[in-house]
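First comes the structure, then the notes that go with it.
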Amino acid sequence: MKDRPTTALLVTVMVVGLSPRVVLAGAPQNFTQLVGLFLNLILLIIPLIAALCMLAFFWGLAKFILDAGDERARTEGKRFMLWGLIALFVMVSLWGIVSIFTNTLGVPLFIPLLPV
């Protein structure tokens with residue numbers, strides 16, 4: 001059971017890290033491009049994590065409804081729903097903070113391509 005979060009994190013890092021946008025990215029030429037690259041990677045990961053948060057919420061909701069007779073299962077379902085909502089709120093907040101940061105400082109969100 002302890003290996004599941006580690007495995008999920010490893011798979012997520014591999015999928016995002018080996019995506020063509022990341023692998024084919026050219027080296028940033030200045031600090032602005034480096035920050036843009038970092039923020040673009042964050043913006044790629046946020047929807048994936050938000051989807052996992054929604055999945056956790058709906059898993060808790062299903063557990064809460066389907067195991068209505070078992071108080072312990074209902075409590076576990078409530079906990080899943082609560083943490084799913086908290087994580088979703090954090091992800092949406094992070095998304096907003098990154099957008100405010102990029103719009104305020106004028107950091108372009110792009111990954112430089114290799115010259116052809």
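Output the residues belonging to segment 83-116 that are over 14 Å from GLN33 (Cβ atoms) and modelled with pLDDT under 75.
Result: PRO115, VAL116.
Looking at LEU34, LEU52, can you tell me which residue is modelled with pLDDT of 75 or more, over 22 Å from ASN103 (Cα atoms) and surrounded by 13 or more Cβ atoms within 10 Å (Cβ to Cβ)?
So the residue among LEU34, LEU52 that is modelled with pLDDT of 75 or more, over 22 Å from ASN103 (Cα atoms) and surrounded by 13 or more Cβ atoms within 10 Å (Cβ to Cβ) is LEU52.
The values are calculated or read from the model by the stated rules, or taken from the named source; none is laboratory data. Bear in mind that the values here come from a model prediction, so they are computed numbers and not experimental data. FYI the Cβ positions are ideal-geometry reconstructions off the backbone, even for glycines, and counts take in every protein chain you see.
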